[in-house]
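Presented below is the structure to which this report refers.
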């Protein structure tokens, strides 16, 4: 198991904070070479975007693209 804290400045809403947390969790998993990862969150919008492989046109699109790109590596 692992945990971490990464400050992000100018985060203006909950969905953006949750999206950053998802990307940071994947970075931590990659850095610690975990083979399996379970990411939990409480922002329904972000969880849906993480589970969706379609085109995202929201303000979170850059982070969601980064998240999905990391899954492919």
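See the values below:
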{"item": "Burial ranking of peptide ranges 30-39, 60-69, 2-11, 17-26 (average Cβ count within 10 Å, highest at the top)", "result": "17-26, 60-69, 30-39, 2-11"}
{"item": "Value in Å of the Kirkwood radius, where the chain supplies the Cα pairs that are averaged", "result": "12.8 Å"}
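Read the figures in this text as sums done on the coordinates, not as results from a lab. These numbers come from a predicted model, not from an experiment. Neighbour counts are summed over all protein chains in view; Cβ atoms, including those assigned to glycine, are modelled from backbone coordinates with ideal geometry.
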